[in-house]
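*Asks:* Once you've had a glance at the structure underneath, I'll fire off some questions.
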Amino acid sequence: MDYETVREVDPVVADALAGERERQNDTLDMIASENHVSEAVMAAQSSELTNKYAEGYPGERYYGGCEHANEVERLAIERATELWGAEHVNVQPHSGSQANMSVYFAMLDPGDRILSLDLTHGGHLSHGHPANFAGKLYEVEQYEIDPETGYVDYDGLAETARGFDPDIIVSGYSAYPRQVDWDRVQSVADAVDPDVVVDTVAYHPAEVEEAVDVFCDVDAYLYVSSVAAYDPEHVLKFESDTPLLGCSAEQASDDSFATYGNRKAEGDRIVREAAADGVAAVGVRPSMVYGPHNHLEFVQYWIDRTLDDSRVLVPGDGTFLAHRSYVADVASAVRVVLERGEAGECYNAGDRRPLTIDQTIDLIARVADTDAERVYAGEHDLATEGLSRLDFPLYNPAPYAMSTDSLAALGWEPTPVETAMRRTVDYHRENGLSDHDVGPAREVERRLVDALA
């Protein structure tokens, strides 16, 4: 590359750059962390994108002017996803240390345990060396290479894992020129008993049945259920008094949302039966979840309409009541129930108080410091555009509210509703969340608003 522009400003730096170019051309470095890139890559690295601050992710940046940075990052994600056959790819880490840090922060808490290969045997500083952040934040134990074979001492790894009980085993290395026996490493990880299991993925009762069997000896297994498990005929939902929905064999294997509540109810019954058999199984029943970083759009829809439209279309008279659950409160409920919950019980987790649709719009407008005029539409009005109130987020066939007294008795305390909504609205504004897959099309709503106003 030509450093003449640099030389005009700082000839000393230009000489150092030119000297480094000569050193790389004349020297063979066997350093695993280094790579020699093409001139095209170096040109791209020194392009105008150097000037752009693009904190966040494509479509969810904290600053404007990121459209071209988004284009490049999305392209990198697409290519890496295709190359590695991955479901998700993060292309932002600038080094292996940052990539490792992102994994640690996502999976561990300070003080948790890491089992990794010793640095002098081919490991990496970020795998737990005392001079590195990982060695300061986490408790670290290390395994070694068999000096006779030059391969990982897998028997030693297994023995260390049994005694140390790590939260994560690091099986990538900085300087290990052998093929790793991934199946053997996985078998070691599988043999380490987890302390707790939070089951957020069980969709069918058969999966809950399998889970309480596989995790029968953990300190706690928590099944994330839903308020939809309750009989909708009962507006007030109490853990001890409100009956759950039934679940036929056909419903148990169904995938449609129509049987979602039935399947969740059956999962709750399986948890109760497992607890009776000695499994430390518990459950949490949130309602419609909302808040920052939550992919469900029940509340985001109403925030969008309140902020962007001068008049908001509201089915009925605005008094429909639907209890919701702030996402951070669901997370804290999970922790509290794991720590103090009674086996076999499934605890309701919801906002401090339920809100009607009108109250929801008023709260959004208040925390956003804006006004919200409502246009109310009856069933006949909605039908003129082929709509019903069930087409609108937060509306269910019947209103409902749930008691959270049982969870509160364990020491759980929800976020004040206004604070939760302010954080949700702020996140909505900062990330430009205006495209939604729920609710009627905006042009249909506006047509109906114009006809009724």
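*Asks:* With the structure loaded, tell me whether Thr404 is in the same structural domain as Pro315 (by TED's automatic domain parsing) and in contact with a Leu (Cβ under 9 Å, 6 or more places away or on another chain) or whether it fails that test.
*Replies:* Considered against the rule, which asks whether it is in the same structural domain as Pro315 (by TED's automatic domain parsing) and in contact with a Leu (Cβ under 9 Å, 6 or more places away or on another chain), Thr404 comes out as no.
*Asks:* If you take the residues of the stretch 60-105 that are among the hydroxyl-bearing types (Ser, Thr, Tyr) and in a helix (DSSP H, G or I), which of them is surrounded by the most Cβ atoms within 10 Å (Cβ to Cβ)?
*Replies:* Tyr104
*Asks:* Separate question: Being under 25 Å from Val336 (Cα atoms) and charged (D, E, K, R) is true for just one of Glu233, Glu207. Which residue is that?
*Replies:* Only one candidate passes the filter, namely Glu207.
*Asks:* Any chance you could count how many residues in the stretch 100-133 are in contact with a strand residue (DSSP E or B) (Cβ under 7 Å, 6 or more places away or on another chain), of a type outside the set (Asp, Glu) and more than 16 Å from Ser33 (Cβ to Cβ)?
*Replies:* Matching residues across the stretch 100-133 total 9.
*Asks:* Among Arg305, Arg263, which is in contact with a Cys (Cβ under 7 Å, 6 or more places away or on another chain), closer than 28 Å to Pro397 by Cα and either basic (Lys, Arg) or not assigned by TED's automatic domain parsing to the domain that holds Thr200 (or both)?
*Replies:* Being in contact with a Cys (Cβ under 7 Å, 6 or more places away or on another chain), closer than 28 Å to Pro397 by Cα and either basic (Lys, Arg) or not assigned by TED's automatic domain parsing to the domain that holds Thr200 (or both) holds for just one of Arg305, Arg263, which is Arg263.
*Asks:* Just the residues that are β-branched (Val, Ile, Thr) and in contact with an Asp or Glu (Cβ under 7 Å, 6 or more places away or on another chain), please, taken from the stretch 169-207.
*Replies:* Val192, Val196
*Asks:* If you don't mind, another one. Please specify each residue of the stretch 308-329 satisfying the condition of being among the charged types (D, E, K, R) and either part of a strand (DSSP E or B) or outside the structural domain of Ala228 (by TED's automatic domain parsing) (or both).
*Replies:* Arg311, Arg324
*Asks:* Among the residues of the stretch 216-230, is any charged (D, E, K, R), under 18 Å from Glu266 (Cα atoms) and either surrounded by 13 or more Cβ atoms within 10 Å (Cβ to Cβ) or modelled with pLDDT under 90 (or both)?
*Replies:* Taking every residue of the stretch 216-230 in turn, none turns out to be charged (D, E, K, R), under 18 Å from Glu266 (Cα atoms) and either surrounded by 13 or more Cβ atoms within 10 Å (Cβ to Cβ) or modelled with pLDDT under 90 (or both).
*Asks:* Then there is this: I'd like to check something: does the stretch 115-131 contain any residue that is buried (at least 18 other Cβ atoms within 10 Å of the Cβ) and touching a Lys or Arg at 6+ places or on another chain (Cβ under 8 Å)?
*Replies:* no
*Asks:* Let me ask you something else. Residue under question is Asp183, and the condition is that it be surrounded by fewer than 17 Cβ atoms within 10 Å (Cβ to Cβ), at positive phi, of a type in the set (Asp, Glu) and in the same structural domain as Tyr104 (by TED's automatic domain parsing); does it hold?
*Replies:* no
*Asks:* Select, from Val170, Val201, the only residue that is buried (at least 17 other Cβ atoms within 10 Å of the Cβ), outside the structural domain of Ile31 (by TED's automatic domain parsing) and on the phi < 0 side of the Ramachandran plot.
*Replies:* Only one candidate passes the filter, namely Val170.
*Asks:* Are any of the residues in the stretch 54-72 in the same structural domain as Pro166 (by TED's automatic domain parsing), touching a Phe, Trp or Tyr at 6+ places or on another chain (Cβ under 7 Å), closer than 23 Å to His293 by Cβ and charged (D, E, K, R)?
*Replies:* no
*Asks:* Now for a different question. Using the structure shown, decide if Ala331 is of a type outside the set (Val, Ile, Thr) and touching a Ser or Thr at 6+ places or on another chain (Cβ under 6 Å).
*Replies:* No: the conditions fail for Ala331.
The values are calculated or read from the model by the stated rules, or taken from the named source; none is laboratory data. Fair warning: this is a prediction, and the values are worked out from it, not measured in the lab. Note that each Cβ is placed from the backbone with ideal geometry, even for glycine, and that neighbours are counted across all protein chains shown.
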